[in-house]
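Q: The structure that follows is given in the form of C-alpha cells.
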Amino acid sequence: MIELENVAYSYGGGELLSDISLKLAPGSFHFLTGPSGSGKTTLMKLCYGALLPTAGHVRLFDRDVRAMTRDDVALLRRRMGVVHQDCQFLDHLTLSQNIALPLHASGRSAEAAGEDLEDLMHWVGLTERSAALPPELSGGERQRAALARAVIMSPDVVLADEPTGNVDWDMSQRLLRLLIELNRMGKTVLVATHDLGLIRATKAHVQARVLRIANRRIQLAGADL
Amino acid sequence: MKGLRAQLVRAFQPDTQADRVVPPSGFTAQLTLFAAGAMAFLAVFALALSLAAGRLAEQWGSELARSATIRIAAPDDQQQAQTNAALRILETTRGVAQARALSNEEQAALLAPWFGAELELDSLPVPRLIEVIETEEGMDAAGLRLRLAAEVPGAMLDDHSRWRAPLVKAASRLKMLGWVSSVLIAAVTAAMVTLAANAALAANAQVISVLRLVGATDDYIARAFIRRFTLRALIGALVGMVLGMIAVLLLPGGEDETASFLTGLGFQGLHWLVPLLIPPLAAAVAFIATRMAARRTLESPT
C-alpha cells in the first residue's frame with residue numbers, strides 16, 4: 001500500500017532521513033514516533049506524495065511517486081485521508097461544506113452523499129456545529145473536523161500527523177478512538193506523534209506497531225516501548 | 001490541449017460550488033471590472049479611428065486615382081486646335097475610359113469661388129481643362145505625358161498623384177496606428193488581468209493548499225479563478241463597449257465624409273458590428289491570462 005525502499009531525504013543542508021525501508025500492509029495500525037525535528041512530518045509527507053525522496057523509491061498503491069504528475073497525486077489523495085496538526089480549512093465556508101469539500105473536488109455531488117455526511121458529522125460529534133465557520137471552532141473541534149474531511153471519501157489509508165498536538169488528554173483519547181474505529185473498519189492507519197503516553201493507552205485497544213525515527217533511520221520499537 | 005476545451009466549456013457553466021471555493025473579493029473585483037470597461041471604451045475609439053482612416057485611404061486611393069486633368073495653356077488662336085489634338089491622343093490612349101473638354105460655363109463655375117460669378121471668362125487667358133476618366137486598369141501617365149509633349153506643346157497632365165500620394169499614405173499610417181493601439185489595448189488588458197489574477201492566487205495560497213490536500217486537481221483549482229476573471233472582463237468590456245459606442249454615435253458628423261476627416265470618425269454600415277467583438281475578445285484574453293497565471297502558480301512548488 002505504502003512502500004518505502006532505501007529512501008533518503010535531505011533538505012539543503014544535510015540528510016534528514018536516510019536508508020529508510022518501510023512497508024505498510026493494508027489494515028495495519030502504525031505509530032511513528034521520535035523527537036521533535038527528527039523527520040516525522042517529512043516522512044509523512046513522503047508517504048502522501050507531498051515530497052519526493054532525494055534517493056530511493058516511494059511506491060504508493062504500487063506506483064512510483066516519481067512517475068506521478070501533480071494530477072496523479074491529486075487522484076491519490078482521494079484514496080488517502082490526511083490530517084495535520086494545524087489543520088487548515090476554507091474559512092469562508094461552513095464546517096459541513098468544508099467536510100464535503102473532497103466530494104466536490106472529485107466531482108461528486110454533496111447531495112448524493114448527504115446522509116453519509118450527516119452520519120460522519122454525528123460520528124465526530126460535530127452535528128450541532130455544522131453551520132459554524134472554521135475560525136469559530138475550538139482546537140479539538142478542528143481536529144475532529146479535519147478527520148471527518150479526511151475520511152469522507154472513504155480512503156484506504158489515513159495518515160495523521162500529530163493529530164493530538166493541540167488538544168487536551170481527553171480529546172486525544174477521543175480522536176484516537178476514532179482512528180481505532182477506522183482501523184477496525186479495515187483502513188490502514190499511520191499516526192505520527194511524540195506522545196508516548198498516547199501510544200501506550202492506544203496499544204490496549206489495537207494491535208499497533210511503533211516505528212521510531214532515531215539517527216536518521218527508522219527502527220521498529222520493542223513491544224515494551 | 002484537450003484540457004483547454006473542457007476548461008472553456010466549464011468556464012461558462014454555472015457551478016456555484018466551485019465559485020464558492022475561492023472567497024469573494026469585493027474591491028479587486030471592481031478594479032478588474034473597471035479596467036476591462038475602460039480598455040473596451042478605448043478600444044472602441046481605436047477601432048473607429050482605424051476603420052475611418054481605412055475608408056478614407058481607400059476612397060482617396062481609388063476615386064482620385066481614376067481621374068486626371070489635362071490643362072491646355074496656349075495662345076487664344078491655337079487653344080481649340082490643341083484641345084482637339086489632345087482629345088484625339090486620348091482617344092487612342094489605352095486605359096482612358098472617357099475624355100471631355102470642360103465647357104466655358106463649367107470652367108466659370110469652377111473659378112467662381114475665387115473670382116466671383118460676374119467674371120467675363122473671355123477677357124482672361126484661361127486655360128482649357130480636359131477631364132480624363134481612367135478605366136479600372138489605369139493608364140500609363142508617363143507615356144501619355146511624352147505623347148502630349150510631342151504633339152500638344154501647351155498641354156500639362158496632372159494625374160493628381162503628386163498631392164494624393166502623401167494623403168493616402170497618411171491615412172494608411174493612421175489606420176495602422178489605430179490597429180497597433182487596439183493590439184496594445186488587448187495586451188494591456190492581458191497584463192492587467194494577469195496582475196489581478198496573480199494577486200488573487202497569492203492571496204488565496206491557503207485555499208490552494210487546502211484544495212491540494214483534499215485531492216483537487218490543478219484544473220479544479222484553476223477553474224474557480226479563471227471563471228471569475230473571465231466573467232469580470234466580459235461584463236466590464238460589455239459596459240465599456242456600449243458606452244464607447246454611444247460616445248461615437250454622439251460625435252457630430254458631416255454629410256460628406258471626405259469633407260473632413262474629423263467628422264468622418266465613426267462607424268459605417270457593417271462596421272458597427274466590429275466593436276461587438278470587443279467583449280468576447282476581452283473575455284478570451286482574460287481567460288488565457290488567468291489560465292497561464294494559475295498554471296504558473298500551481299506549477300511552482302508549494
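The values are calculated or read from the model by the stated rules, or taken from the named source; none is laboratory data. From a predicted model like this one, the values you see are computed outputs, not experimental measurements. Neighbour counts are summed over all protein chains in view; Cβ atoms, including those assigned to glycine, are modelled from backbone coordinates with ideal geometry. In case anyone asks, the SASA skips ligands and DNA or RNA and just uses the protein heavy atoms, side chains included. Shrake-Rupley method; radii C 1.70, N 1.55, O 1.52, S 1.80 Å.
Q: For the condition closer than 21 Å to A:Arg149 by Cα and of a type outside the set (S, T, N, Q), what is the one hit in A:Gly39, A:Gly12, A:Gly34, A:Gly81?
A: Result of the check over A:Gly39, A:Gly12, A:Gly34, A:Gly81: A:Gly81.
Q: Does A:Arg177 satisfy being within 25 Å of A:Ser96 (Cβ to Cβ), open to solvent by 10 Å² or more (accessible area, probe 1.4 Å) and assigned by TED's automatic domain parsing to the domain that holds A:Ile99?
A: So A:Arg177 does not fit the description; no.
Q: Taking the condition within 30 Å of B:Ala200 (Cβ to Cβ), β-branched (Val, Ile, Thr) and in contact with a Pro (Cβ under 6 Å, 6 or more places away or on another chain), does B:Val44 pass?
A: The answer is yes for B:Val44.
Q: Output the residues belonging to region A:56-77 that are within 14 Å of another protein chain (Cβ to nearest Cβ) and hydrophobic (A, V, I, L, M, F, W, C).
A: Scanning region A:56-77 gives A:Leu60, A:Phe61, A:Met68, A:Val73, A:Ala74, A:Leu75, A:Leu76.
Q: Going by what's in this entry, would A:Asp71 be described as of a type in the set (Asp, Glu), within 20 Å of A:Thr164 (Cβ to Cβ) and open to solvent by 10 Å² or more (accessible area, probe 1.4 Å)?
A: No, not satisfied.
Q: Does A:Arg129 satisfy the condition of being touching a Leu at 6+ places or on another chain (Cβ under 7 Å) and more than 14 Å from chain B (Cβ to nearest Cβ)?
A: yes
Q: Another question about this same structure. Restricting the search to region B:126-138, which residues are touching a Lys or Arg at 6+ places or on another chain (Cβ under 9 Å) and closer than 16 Å to B:Met156 by Cβ?
A: Answer for region B:126-138, where residues must be touching a Lys or Arg at 6+ places or on another chain (Cβ under 9 Å) and closer than 16 Å to B:Met156 by Cβ: B:Pro127, B:Arg128, B:Leu129, B:Ile130, B:Glu131, B:Val132.
Q: Can you give me the number of residues within region A:78-103 that are within 8 Å of chain B (Cβ to nearest Cβ) and in a helix (DSSP H, G or I)?
A: Total meeting the criteria: 3.
Q: Just give me the residues in region A:135-194 being more than 24 Å from A:Leu76 (Cβ to Cβ) and of a type in the set (S, T, N, Q), in sequence order.
A: Within region A:135-194, A:Ser138, A:Thr164, A:Asn166, A:Ser172, A:Gln173 qualify.
Q: Go through region A:174-210 and give me each residue that's of a type in the set (A, V, I, L, M, F, W, C) and touching a His at 6+ places or on another chain (Cβ under 6 Å).
A: Once the filter is applied, which keeps residues that are of a type in the set (A, V, I, L, M, F, W, C) and touching a His at 6+ places or on another chain (Cβ under 6 Å), region A:174-210 yields A:Ile180, A:Leu190.
Q: Report the residue count in region B:26-38 for those that are among the polar types (S, T, N, Q) and open to solvent by less than 40 Å² (accessible area, probe 1.4 Å).
A: Qualifying residue count for the region: 1.
Q: Does B:Ala197 satisfy the condition of being away from every other protein chain (no Cβ under 14 Å), under 30 Å from A:Ala146 (Cα atoms) and crowded, with 20+ Cβ neighbours inside 10 Å?
A: It is true that B:Ala197 is away from every other protein chain (no Cβ under 14 Å), under 30 Å from A:Ala146 (Cα atoms) and crowded, with 20+ Cβ neighbours inside 10 Å.
Q: Go through A:Glu141, A:Glu128 for me and flag whichever is surrounded by 14 or more Cβ atoms within 10 Å (Cβ to Cβ), acidic (Asp, Glu) and outside any loop (DSSP other than H, G, I, E, B).
A: A:Glu141 is the lone residue from the list that is surrounded by 14 or more Cβ atoms within 10 Å (Cβ to Cβ), acidic (Asp, Glu) and outside any loop (DSSP other than H, G, I, E, B).
Q: Return a yes/no flag: does region A:57-70 have any residue that is of a type in the set (Phe, Trp, Tyr) and under 24 Å from A:Val124 (Cβ atoms).
A: Among the residues of region A:57-70, not one is of a type in the set (Phe, Trp, Tyr) and under 24 Å from A:Val124 (Cβ atoms), which makes the answer no.
Q: Given the options B:Ile235, B:Ile185, B:Ile226, B:Ile221, name the one that is assigned to a helix (DSSP H, G or I) and either surrounded by fewer than 17 Cβ atoms within 10 Å (Cβ to Cβ) or within 14 Å of chain A (Cβ to nearest Cβ) (or both).
A: Going through B:Ile235, B:Ile185, B:Ile226, B:Ile221 in turn, the sole match is B:Ile221.
Q: Can we say A:Gly37 is over 16 Å from the mean Cα position of the chain (by Cα), within 14 Å of another protein chain (Cβ to nearest Cβ) and open to solvent by 70 Å² or more (accessible area, probe 1.4 Å)?
A: no
Q: Continuing with this model, one more query. If we scan region B:75-96, do we find a residue that is more than 20 Å from B:Arg164 (Cα to Cα) and at pLDDT below 80?
A: Yes, that holds for at least one residue.
Q: Could I ask something else about it? Out of (1) surrounded by 20 or more Cβ atoms within 10 Å (Cβ to Cβ); (2) within 30 Å of A:Gly81 (Cα to Cα), the odd one out for B:Gly240 is which?
A: Of everything listed in (1) surrounded by 20 or more Cβ atoms within 10 Å (Cβ to Cβ); (2) within 30 Å of A:Gly81 (Cα to Cα), B:Gly240 misses just condition (2).
Q: How about region B:56-148: which strands (runs of 3 or more DSSP E) wholly inside it have at least 3 residues that are in contact with an Asp or Glu (Cβ under 9 Å, 6 or more places away or on another chain) and buried (at least 17 other Cβ atoms within 10 Å of the Cβ)?
A: B:96-101, B:128-134
Q: Would you mention how many residues in region B:146-167 are at pLDDT below 85 and basic (Lys, Arg)?
A: 2
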